[in-house]
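Quick one: this structure, given as structure tokens, is what I'll be asking you about.
The values are calculated or read from the model by the stated rules, or taken from the named source; none is laboratory data. As the structure is a prediction and not an experimental result, all values here were calculated from the model. When we count neighbours, we look across all protein chains shown, and the Cβ atoms used for this are built from the backbone with ideal geometry, even at glycine. Please note that ligands, DNA and RNA were not included when accessible areas were found on the heavy atoms of the full protein model with its side chains. Shrake-Rupley method; radii C 1.70, N 1.55, O 1.52, S 1.80 Å.
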Amino acid sequence: MRQESETRLLTADAPAIAAAADALRAGGLVAFPTETVYGLGADATSNAAVARIYAAKGRPSFNPLIAHVGSLEAARREGDFNADALTLARAFWPGPLTLVVPAAPGGRVGDLARAGLETLALRVPAHPVALALLAATGLPIAAPSANVSGHVSPTLASHVRADLDGRVDIILDGGPTRVGVESTIVACLAGGPRILRAGGVTRDDIARALGRSMAADDADEGAVIAPGMLASHYAPRARVRLEARDVAPGEAALDFGGALAEFPAAARIDLSPFGDTEEAAARLFGALRALDVAGVSGIAVAPVPMEGLGEAINDRLRRAAADRP
Ligand code: TXA
Ligand code: MG
């Protein structure tokens, strides 16, 4: 197994996608853009290839991965879809939604990608480069976010290179990701649909599609069935202070709607001067990386409302601020 190799950073044109498909078929690692964040992909059917993902990320191996597929038909070969799962897939795929369903008998996704579980996370991404790669390989592609485990998810190819240079064969550069936070994860298992992770599709959108209320219950928080939802995650190195009403000396300001504009700051980014949570989600991870620089004692974060993508943004901010393991 190659641990350190030459990483090729390629503009995601047709020849680059063909080269990336070859690398995946040969058991290699390819980082590629999706509409949420960049993924670190490997052939989901090969335990050897998937093992390289865990090694490159330094990821705890009990944490299962999302298998990306090109269509609902391909997804149904891998998982058993109940009525709710079908409704959600038809409403939001391709898109920023991941469905956890029982693994289908005869599915090709290997047990290492599933971390030994009887269930499986599936997603059809809405990004032309991701879809072209899936079509070119004909494989389900296992892909977590393309960052070192516990670090901020990448929304630019340069973020991937900063974390994983030398540990991935090819990085396909498709520009900035549109959504900027990861997919919403919904489990469709016995017992009814449950949101395991807030993300690019809002709770209200899920509820509307299913025609039922999806009120946050206590069990949603830190649910054991989404083992990757560690409390401390998405973490920059600097201390993150939430719900800030001011900026302390030495702190950088991560602002929203200009709430912290009057305070001097070591560095400053306003996620959305006009208070739009979609714009803020798209800029969140890049801003955390940009403010996490030498000399900054901490990051003061302005309050972000829970409306729209605010639930996903606040979830990621809480994890960024949590005590480190
Ligand atoms: O937007 C996204 O979802 C991105 C892009 C690359 O698709 N991917 C992503 O993957 O965020 P990752 O590995 O960082 O997060 C996947 C989450 C983890 O929290 C994992 O525990 C959960 O999905 N998961 C995977 N399989 C599961 C399963 N069978 N049951 C419950 N949770 C599962
Ligand atoms: Mg991740």
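Name every residue in the stretch 273-307 that is crowded, with 19+ Cβ neighbours inside 10 Å, small (Gly, Ala, Ser) and in a loop (DSSP other than H, G, I, E, B), in order of residue number.
The answer is ALA302, and nothing else.
Okay, next question. Looking at the stretch 44-60, is at least one residue assigned by TED's automatic domain parsing to the domain that holds SER153, of a type in the set (A, V, I, L, M), within 15 Å of ligand 2 (Cβ to nearest atom) and under 14 Å from the mean Cα position of the chain (by Cα)?
no
Answer yes or no as to whether ASN63 is within 13 Å of ligand 1 (Cβ to nearest atom), modelled with pLDDT under 95 and not acidic (Asp, Glu).
Values: within 13 Å of ligand 1 (Cβ to nearest atom): yes; modelled with pLDDT under 95: yes; not acidic (Asp, Glu): yes.
Yes.
Would you be able to say whether some residue in the stretch 26-39 is open to solvent by 20 Å² or more (accessible area, probe 1.4 Å) and assigned to a strand (DSSP E or B)?
no
Conditions tested, residue by residue: (1) open to solvent by 10 Å² or more (accessible area, probe 1.4 Å); (2) more than 11 Å from ligand 1 (Cβ to nearest atom); (3) touching an Asp or Glu at 6+ places or on another chain (Cβ under 9 Å).
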{"residue": "ARG114", "(1), (2), (3)": "yes, no, no"}
{"residue": "LEU117", "(1), (2), (3)": "yes, no, yes"}
{"residue": "PRO128", "(1), (2), (3)": "yes, yes, no"}
{"residue": "ARG178", "(1), (2), (3)": "yes, yes, yes"}
{"residue": "GLY200", "(1), (2), (3)": "yes, no, yes"}
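Counting just the residues of the stretch 66-112 that are within 18 Å of ALA42 (Cβ to Cβ) and surrounded by fewer than 18 Cβ atoms within 10 Å (Cβ to Cβ), which one comes out farthest from ligand 1 (Cβ to nearest atom)?
ARG108
What number goes with the only condition from (1) more than 16 Å from ligand 2 (Cβ to nearest atom); (2) under 23 Å from VAL50 (Cα atoms); (3) within 17 Å of the chain's Cα centre (by Cα) that PRO154 does not pass?
Here PRO154 clears every test but (1).
Looking at the stretch 134-167 only, could you name the residues that are closer than 16 Å to ARG8 by Cα, open to solvent by less than 10 Å² (accessible area, probe 1.4 Å) and of a type outside the set (Gly, Ala, Ser)?
Listed by number, the residues that qualify are VAL160, LEU164.
Please verify whether LEU156 is within 9 Å of ligand 1 (Cβ to nearest atom) and farther than 21 Å from ARG25 by Cα, treating the condition exactly as stated.
Numbers: within 9 Å of ligand 1 (Cβ to nearest atom): no; farther than 21 Å from ARG25 by Cα: yes.
No.
Across the stretch 69-93, what is the total count of residues that are without any contact (Cβ under 8 Å) to a residue 40 or more places away in the chain and in a loop (DSSP other than H, G, I, E, B)?
2
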